[in-house]
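The values are calculated or read from the model by the stated rules, or taken from the named source; none is laboratory data. Every value quoted in this text rests on a predicted model; they were computed, and no experiment measured them. With ideal geometry, Cβ positions are generated from the backbone for all residues, glycine too; neighbour counts draw on all protein chains shown. Accessible surface areas use protein heavy atoms only, side chains included; no ligands, DNA or RNA. Shrake-Rupley method; radii C 1.70, N 1.55, O 1.52, S 1.80 Å.
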Amino acid sequence: AIALAQLLGVLWAMYLAWDIRMYPIRDFGMLIHEFDPWFNYRAAEYMCEHGLAKFYKWYDYMSWYPLGRPIGTTTYPGMQITACAIRDGMQRVPAFNYTVPDTPAWTWVRNTLTRLASDGFRVPVLPAVLSYEPMSVNDICCMIGPWFGAIASVFTGLLTYEITRSRNAGVVATLVMAVIPAHIMRSIGGKFDNEAVAMAAIVSTFWLWLRSVRTPKSWPWAVLAGFSYIYMVLAWGGYIFVINMVGVHALMIVGLGRFNSGVYRAYTIFFVIGTYGAVQVPVVGWQPLRSLEQMGPLLVFLGYQVLGLCDAVRWRRKMSTREFVLFRLGIWAAFLVALVAVCAMLYPTGYFGPLSARIRGLFVKHTKTGNPLVDSVAEHRPASAGIYSSLLGWPLDSALPGVAVCAWKQTSGCWFAALYAAVAYHFSHKMSRLVLICAPICSIACGIWFGWLIDFMLEPFFLLLGQEGCREPGSDDKGKAKNKSKNKKSAGKPEPGSWEATELQEFEEEHRPGGMMMIIGMANAKLRALVPEEQRKRQREQWVWLDSSPTALFGRVAVSGLVGLFLLSQRADVVQWFVRCHRYAIGNSNAKVVYWAQDRVKGKIKIDDYLKGYQWIEQNTPKDARVIAWWDYGYQITGIAKRTTLADGNTWNHEHIATIGRTLTSPEKRAWNVIRHLADYLLVWAGGGSDDLAKSPHLARIGNSVFPDHCGDEDPRCTKFGFGPDGTPTKMMNQSLLYKAVMHNMKPHVSLDPRYFKEVHTTKHGRMRVFQVVNISQESKQWIADPKHRVCDAPGSWYCVGQFPPALDKLIAKRRNFAQIEDFNRQGQKSAYTRLVEQERDGSAAAQKGGKARSDL
């Protein structure tokens, strides 16, 4: 009955995970959300139509015009591969309608669920007819979030079980992970985002890794862990977090004295399979063997080979402890000398790649990177206490009790959980977007705490029903035989009271000499020696009495009643948090291109200006039309409007984005002199709120980071571009193209010059405005379109970069390469904004040191 209840709990959690992510599908239908998902969907359509090989060689000239973008080498294709695999699988199954037989059992189950649903419970309603037909790529992409939300929840439960070996803990963690907002935020229906599938890959890789090191004989699970990691690499750039977590945990295992031949095989297999697969992904390439952020796992792998070699020689030569320690010191010395020599030879060649800007931002003390583009993105800013409360909520209260339970158990999985918690908190504290990775560990902590309480509450009942409890040492002959078999590698009979006389744990293979196991074992043996044998015997007898005496068991039943009352007292908090999770899901369901708004007269209305605006462009402009807009909207322009855009939402070319920012925030005629060579239409978001005027100071600041003549080095924050205290625009903003386009004919004396731009469309609620560029340069357009003006990396190659037309040579010559704080690109020149951030950082550090010095006086 307990096992059935646990199974039903997991199935219910899967339904909850799917159901809570379906709000946008119910409201807006199968519609892709926001910005990045539109690129992901467009890439999925391309892959499904042309195949993976052509996808990897797809150079897209509809984005980053006129340069273009190599999609295959700048994209993590895991989502697209998943969507196409599901599409292909569904197409192999013919459509059908199946009427479920009306048996008494089925009718009872269906009626019961229907009654529960009508009473407000979140349970599935079973249909009388099961229908199926293959889904389109669009619909599959919309459903990836709900599907993988359920999958990630199950893997989180499995990971929790592996940490605690408690099924109740696993069920609780599955239920929490299903609805926790930190997980929902990237896996809502329609949000076809990398993290939607990556979260399932993260927890599955972690679970399989821990499963592979459960016992010395569990290492074959590492094969599956390696393939799971490959999928993680395909899915998201956060694979760096996964490989480093596994690498650090493998190092911790050594430090805890738990290294053995099984752990050696597990990490070696995992690293070899995972790294071999990772380097096959074009966007990753040789980074696992070259980039600084992945050097740690590589060094752990090399260190494991040294440890494995030393153990192999010890077993072959049957070394004494002293001989083994001296031998290993010599091998380690030789290894370190060779490692230093190799690094010294490779470093001057540029073999080692630099840390990426986002990775550096997770470790530097300051909260700004010095890159105005990165600093302008809200999700790249540090997380606040309010964000943790909103996205994690009630389960966060279980963190400390969960840590306490882990500290008591001290399994390898518990050490992994502690490491995960520390790393997740640090990274999310630096970048609020990464609160996402806190969702599994918060769910795990909650599962550990409440699973332990449930186990504690139920244990006396199971003992009364005949379950075997704690027994006297030596009472189990099989256990003795097993222990002898485990110690078969030990030479001779260990001396009583020595560290070698201790019973091996399930994760141990032998009493391994000359390492951390021996050091920790000797320390524990000395601590045990401080406690008299008689006292230790009494303690063991007390444990046996608690598990076997009827008096003790009925006393524990009474305590279980108190635990049950405590669990019941949590009901109100759980229900309240559950309601908050659904409110968050509803609030996060607006698709950006379509969303709900509150009208004073009509009440709740649906605003679809952005979707209709893009559709208007698709239907009313030439197919070769080029659209200039701010960088944010590029994915939607290519995905919905199906038109060429100057930037698509990726951050891989700062100078190009800065060129757009500078152009849009320049005076109208100066901007037109540039735009007429690059675009046929100008698109702006208007109507207040998060429109282009609200973002425009960032645009000017980003433009100034590459074009120092824009605002000037004396004004790195571009304060001259913005609004005054009374809401009036500054002179620079008032003259800018962006201000005139957004406010065109909305204010007296504010309009675009018809000699340069012609208004062609404004959406119903004024949220989007489209202007045609007058007198475009056909010469520049034809020059850019001519393939002979593209620069290929080799004759006949698919990788051919477009070029700016000669008419813009003077503009491009004004650009300076951008370098940010702690940049390894020594060719780049730091902008005034970057230097300002450095001065603020150094000044803050100096002030802190000064304050500390004053406090010491």
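Here are a few things to note about the model shown:
- For region 123-153, the candidate set comprises residues that are aliphatic (A, V, I, L, M) and open to solvent by less than 40 Å² (accessible area, probe 1.4 Å); within that set, the residue that is farthest from ASN40 (Cα to Cα) is VAL123.
- Candidates GLY843, GLY796, GLY850, filtered to the one that is modelled with pLDDT under 95, on the phi > 0 side of the Ramachandran plot and surrounded by fewer than 15 Cβ atoms within 10 Å (Cβ to Cβ): GLY796
- Looking only at region 624-641, and only at residues there that are assigned to a helix (DSSP H, G or I) and within 10 Å of SER63 (Cα to Cα), the one that is nearest to the chain's Cα centre (by Cα): TYR635
- Selection from region 690-725 of residues that are over 22 Å from ASP648 (Cα atoms) and open to solvent by 40 Å² or more (accessible area, probe 1.4 Å): ASP709, ASP713, GLU714, ARG717, THR719, LYS720, PHE723, PRO725
- Those residues of region 651-675 which are under 13 Å from TYR65 (Cα atoms) and assigned to a loop (DSSP other than H, G, I, E, B), in sequence order: ASN653
- Taking every residue in region 602-618 that is open to solvent by 60 Å² or more (accessible area, probe 1.4 Å) and pairing it with any residue that is among the hydroxyl-bearing types (Ser, Thr, Tyr), at least 6 positions away or on another chain, the pairs with Cβ-Cβ distances below 6 Å are LYS612/THR763.
- Residue ID - modelled with the lowest pLDDT, chosen from residues in region 726-758 that are farther than 24 Å from ILE628 by Cα and open to solvent by 50 Å² or more (accessible area, probe 1.4 Å): ASP726
- Within region 745-759, residues that are acidic (Asp, Glu) sit with their Cβ atoms under 8 Å from residues that are surrounded by fewer than 13 Cβ atoms within 10 Å (Cβ to Cβ) and modelled with pLDDT of 90 or more, at 6+ positions apart or across chains, in these pairs: ASP753/LYS669; GLU759/ASN745.
- Scope region 55-72; condition charged (D, E, K, R), open to solvent by 20 Å² or more (accessible area, probe 1.4 Å) and out of contact with any Phe, Trp or Tyr (no Cβ under 8 Å at 6 or more places or on another chain); matching residues: none
- Flag for ALA424 being crowded, with 21+ Cβ neighbours inside 10 Å, at pLDDT 90 or above and on the phi < 0 side of the Ramachandran plot: yes
- Test: residue in region 771-779 that is open to solvent by 40 Å² or more (accessible area, probe 1.4 Å) and over 30 Å from MET743 (Cβ atoms): yes
- Qualifying residue in region 707-717 (condition: outside any loop (DSSP other than H, G, I, E, B), in contact (Cβ under 8 Å) with a residue 60 or more places away in the chain and closer than 26 Å to VAL774 by Cα): no
- Restricting THR644, THR621 to those that are open to solvent by 10 Å² or more (accessible area, probe 1.4 Å), under 35 Å from the mean Cα position of the chain (by Cα) and under 21 Å from GLU779 (Cα atoms) reduces the list to THR644.
- Qualifying residue in region 515-531 (condition: at pLDDT below 85 and surrounded by fewer than 10 Cβ atoms within 10 Å (Cβ to Cβ)): yes
- Any pair with Cβ under 8 angstrom, 6 or more apart, that starts in region 534-563 at a residue that is in contact (Cβ under 8 Å) with a residue 24 or more places away in the chain and farther than 11 Å from LEU464 by Cβ and ends at one that is assigned to a helix (DSSP H, G or I) and among the small types (Gly, Ala, Ser): LEU546/ALA552
- Of all residues in region 202-258 being assigned to a loop (DSSP other than H, G, I, E, B) and of a type in the set (A, V, I, L, M), the one that is most open to solvent (accessible area, probe 1.4 Å): LEU256
- Enumeration of residues in region 8-49 that are small (Gly, Ala, Ser) and either open to solvent by 20 Å² or more (accessible area, probe 1.4 Å) or farther than 17 Å from GLY634 by Cβ (or both): GLY9, ALA13, ALA17, GLY29, ALA44
- Within region 282-323, being part of a loop (DSSP other than H, G, I, E, B), at pLDDT below 90 and among the hydrophobic types (A, V, I, L, M, F, W, C) holds for one residue alone: MET319.
- Positions within region 563-591 being surrounded by 17 or more Cβ atoms within 10 Å (Cβ to Cβ) and outside any helix (DSSP H, G or I), in sequence order: ASN588, SER589, ASN590, ALA591
- Residues that are more than 44 Å from the chain's Cα centre (by Cα) and open to solvent by 90 Å² or more (accessible area, probe 1.4 Å) within region 318-336 comprise LYS318, ARG322, GLU323, LEU326, listed in sequence order.
- Where VAL263 falls short, out of the listed (1) within 23 Å of the chain's Cα centre (by Cα); (2) among the β-branched types (Val, Ile, Thr); (3) buried (at least 20 other Cβ atoms within 10 Å of the Cβ); (4) more than 30 Å from TYR799 (Cβ to Cβ): (1)
- Among (1) open to solvent by less than 10 Å² (accessible area, probe 1.4 Å); (2) without any contact (Cβ under 8 Å) to a residue 24 or more places away in the chain - the single one PRO101 does not satisfy: (1)
- Among the candidates ILE188, ILE180, ILE184, residue that is in contact with a helix residue (DSSP H, G or I) (Cβ under 7 Å, 6 or more places away or on another chain), under 26 Å from ASP88 (Cβ atoms) and open to solvent by less than 10 Å² (accessible area, probe 1.4 Å): ILE188
- Across region 113-122, the qualifying residues are those that are assigned to a helix (DSSP H, G or I) and of a type in the set (Gly, Ala, Ser), and the one among them that is surrounded by the fewest Cβ atoms within 10 Å (Cβ to Cβ) is SER118.
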